[in-house]
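Report on the structure given below.
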Amino acid sequence: MRDWRWQVGMLGLLLGLVAGSQALRGESPASQSPPSRTSGESKATTTPDQPEAAASEETPRDPVLGRKVANFVLPDSRGNIVGLADFAAKPVVLLYWMNTTCPIANLYLPDLIEMQKQTDETGVQVLGIHSDPGLTRDEIASHREKFGINFPVLHDEQQAVASMLGADRTAAVYLLDSQRIVRYHGRVDDRYQYTSKRDEPRRRDVAEAIQELRSGKPVSQPTTEVQGCLITPLERKTPAGELTFAKQVAPILYEKCSECHHPGTAAPFSLLTYDDAVNHGAMIREVVLERRMPPWHADPRHGEFVNDRRLSQDQLETLVAWIDDGMPEGNASETPPAPEYYDGWRIGKPDLVLELPEEVKIPATGVVPYLYFVTPTNFKEDMWIQAAEVRPGNRRAVHHVVLFYRDAKDRGGRPLENWVIGAAPGDTPLEFPEGVGRRIPAGASLIWQMHYTPTGKAETDRSQVAFKFYKKPPTRNVLAKGIANFRFEIPAGAPRHEVKSSYTFPRDAELHALFPHMHLRGHDFEFRAVFPDGQSEILLSVPQYDFNWQTGYRLATPRDLPKGTRIECTAHFDNSAANPANPDPTKAVRWGDQTWEEMMIGYIDYVWKEPAAPQEGPDKTE
């Protein structure tokens, strides 16, 4: 029987022959790597018999270190769909790139199997990933059974996760902390080389990195050189030089990016022209590969949403390949017309624009309490909103805007019942499907709740709101409800504190949208429907909540909820020092308006199944 020496020796010989043939042709082995990836490997020159020196200032920093890994979902060897978010309770996740035939990658499998056995004790979850093209699920399953692998093995058939992390070699390890930030990238240890093997490692790189992570220390050697098999990149769908802005790229930017990236919005630059795209090509490449843009945080396994901003894998690869090809324009006459935005409004030309009744002066420092302003609408009849959009007048100082109405017959007003629209970082305009709208009664006044955050210098603001109205009243009124928990306390240092809230529908209803809201310690949020027959279903899961992107998720198809259906909201908060956004992990946190305090609200938009009478408002049984 051939042993490991034959396998490793043959691998080394093959790699040497490949490198030699490239040298004869004047090529570098690095030129064979896919252009859309970064190797992320240390280039320190050491021999198998020399201990590696610690990373020095001369060693290029691994670009993947410190990167937050977006939630991904892939099929496993049994056909189940597995997501990174499924292991949220694990403080450390180890991603290991595998191949059914790579000797070095296979030699480390017993170590990883043993590590998975200890997961309850160590808190480390191992995930194996196959990204080589041509592998079938049956081959992956057979390999898993043959080696007795006890951890999930995922099939990255489109190399989506490999491109996200720049993984181009098997036997590579990526260690993710509780925030799913890459803290270590490299080998398991230094035992197995291309042409040699040690019985014992000189340095147990992964084990030491895990120990440091679990102790709350920075990883002392976060990058090591990986020795394994190169991952063959997928063949490009479009040959080099055939991708142009006019034909392939402009349609993607107009569909997925320009709604925010046009003049008059919070986005830092526009993406409506060829020059816009070229001037920001490097940044576009980075943020789409890391899945930071377009911003979207819903787990794709739960729900379909009309405002889903994700790029498909084909769209992502097209953008990256076009940038790598030098960003040719093509025939400018073939460029489709760019979207038009009336005066910057994303909802189009509004029927009415209202603004704060006065200019607000914001101090340079201190805590600014919520400010309230009243704007009479002077509506002579009930008006039905088809679309609405808030435009902060000073995006540096405006934290959020909430508008609700006060009926002429109601002296107080009810913010969570008479809700009109809100605006916070990352939100999208309010747009209702045909047949439903939000009613503002005749004679009502708009109440502005303004939350300002000082910037270090005196500021002013005069925010606006724009409305588009139905010409003919729709049949049903869209109501809003905040399913909140006001009575929680998050202990100091708690890494995963759970808070729940719920609401039971007293009548048959139809659900239209979901909107989770937390502050800086928010980690994840889930909406679940529990039906009268006991069945339950996740309506929305946001496994990586980001306070900077407060997205409302609008269902592509409204969901029927029979009387007695309970909406359960479950949130987790990270009040530990590992949360980079945490203002102070040494203090317990309770409900409060300010961002250094916390909130837990699951907002929903819904209508009653039976058409509402024109005067009907929110559920008075709440």
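The values are calculated or read from the model by the stated rules, or taken from the named source; none is laboratory data. Source: prediction; values computed, not measured. As a convention, Cβ positions derive from the backbone with ideal geometry for all residues, glycine included, and neighbour counts pool all protein chains shown.
Tell me, yes or no, whether the stretch 495-503 has at least one residue that is within 22 Å of D605 (Cβ to Cβ), touching a strand residue (DSSP E or B) at 6+ places or on another chain (Cβ under 8 Å) and of a type in the set (D, E). No, there is no match, as no residue in the stretch 495-503 is within 22 Å of D605 (Cβ to Cβ), touching a strand residue (DSSP E or B) at 6+ places or on another chain (Cβ under 8 Å) and of a type in the set (D, E). When A171 is tested against (1) within 25 Å of the chain's Cα centre (by Cα); (2) crowded, with 19+ Cβ neighbours inside 10 Å; (3) hydrophobic (A, V, I, L, M, F, W, C), exactly one condition is not met: (1). Consider Y194 carefully, then state whether it is over 29 Å from the mean Cα position of the chain (by Cα) and in contact (Cβ under 8 Å) with a residue 40 or more places away in the chain. Here the answer is yes, as Y194 does meet what is asked. Considered as a group, the residues in the stretch 542-563 that are of a type in the set (V, I, T) and under 16 Å from the mean Cα position of the chain (by Cα) include one that is surrounded by the fewest Cβ atoms within 10 Å (Cβ to Cβ), and that residue is T551.
Within the bounds of the stretch 306-313, is there any residue that is crowded, with 20+ Cβ neighbours inside 10 Å and under 20 Å from S163 (Cα atoms)? No, the stretch 306-313 contains no residue that is crowded, with 20+ Cβ neighbours inside 10 Å and under 20 Å from S163 (Cα atoms).
I'd like the full set of residues that are under 14 Å from T100 (Cβ atoms) and either outside the structural domain of V73 (by TED's automatic domain parsing) or charged (D, E, K, R) (or both), limited to the stretch 121-156. Passing the criteria: D132, R137, D138, E139, R144, E145, K146, D156. It is to be established whether one or more residues within the stretch 434-456 are in a strand (DSSP E or B), hydroxyl-bearing (S, T, Y) and farther than 30 Å from S258 by Cα. Looking for residues that are in a strand (DSSP E or B), hydroxyl-bearing (S, T, Y) and farther than 30 Å from S258 by Cα, one finds at least one in the stretch 434-456, hence yes. Applying the set (1) over 30 Å from the mean Cα position of the chain (by Cα); (2) at pLDDT 90 or above; (3) surrounded by 15 or more Cβ atoms within 10 Å (Cβ to Cβ) to G413 leaves exactly one unmet item: (2). Restricting attention to the stretch 564-612 and to residues that are in a strand (DSSP E or B) and hydroxyl-bearing (S, T, Y), the residue that is surrounded by the fewest Cβ atoms within 10 Å (Cβ to Cβ) turns out to be T570. For the stretch 203-224, the candidate set comprises residues that are in contact (Cβ under 8 Å) with a residue 60 or more places away in the chain and touching a strand residue (DSSP E or B) at 6+ places or on another chain (Cβ under 9 Å); within that set, the residue that is surrounded by the fewest Cβ atoms within 10 Å (Cβ to Cβ) is R214. Of all residues in the stretch 197-212, which are farther than 22 Å from M98 by Cβ and under 29 Å from the mean Cα position of the chain (by Cα)? Residues satisfying the conditions are Q211, E212. I'd like to know if the stretch 458-470 contains one or more residues that are of a type outside the set (S, T, Y), at pLDDT 90 or above, assigned to a loop (DSSP other than H, G, I, E, B) and over 20 Å from V353 (Cβ atoms). Checked against the condition, which is being of a type outside the set (S, T, Y), at pLDDT 90 or above, assigned to a loop (DSSP other than H, G, I, E, B) and over 20 Å from V353 (Cβ atoms), the stretch 458-470 yields at least one hit. Quick one: in the stretch 527-556, which of the residues that are modelled with pLDDT of 95 or more and among the charged types (D, E, K, R) is farthest from L511 (Cα to Cα)? Restricting to residues being modelled with pLDDT of 95 or more and among the charged types (D, E, K, R), the top hit is D533. Is it the case that some residue within the stretch 214-224 is in contact with a Lys or Arg (Cβ under 6 Å, 6 or more places away or on another chain) and closer than 24 Å to R67 by Cβ? Among the residues of the stretch 214-224, at least one is in contact with a Lys or Arg (Cβ under 6 Å, 6 or more places away or on another chain) and closer than 24 Å to R67 by Cβ, which makes the answer yes.
Within the stretch 264-273, the presence of at least one residue that is free of Cβ contacts under 8 Å to residues at least 40 places away in the same chain, assigned by TED's automatic domain parsing to the domain that holds R309 and under 15 Å from P337 (Cβ atoms) is confirmed. When G326, G330, G344, G303 are screened for being over 25 Å from the mean Cα position of the chain (by Cα) and surrounded by 17 or more Cβ atoms within 10 Å (Cβ to Cβ), only G330 passes.
Of note, V306 satisfies the criterion of being among the hydrophobic types (A, V, I, L, M, F, W, C), under 30 Å from F515 (Cα atoms) and touching a strand residue (DSSP E or B) at 6+ places or on another chain (Cβ under 7 Å).
Of all the residues that make up the stretch 184-207, how many are within 21 Å of E121 (Cβ to Cβ) and out of contact with any Phe, Trp or Tyr (no Cβ under 9 Å at 6 or more places or on another chain)? Qualifying residue count, the stretch 184-207: 2.
Being basic (K, R) and closer than 21 Å to G83 by Cα is true for just one of R180, R187, R204. Which residue is that?
None of the others qualify; the one that does is R180.
Just to be sure before I move on: is R462 surrounded by fewer than 16 Cβ atoms within 10 Å (Cβ to Cβ) and outside the structural domain of P433 (by TED's automatic domain parsing) in the structure I sent? Criteria not met by R462.
Against the condition among the β-branched types (V, I, T), under 30 Å from T570 (Cα atoms) and in contact (Cβ under 8 Å) with a residue 24 or more places away in the chain, how does I440 come out, does it pass?
Here the answer is no, as I440 does not meet what is asked.
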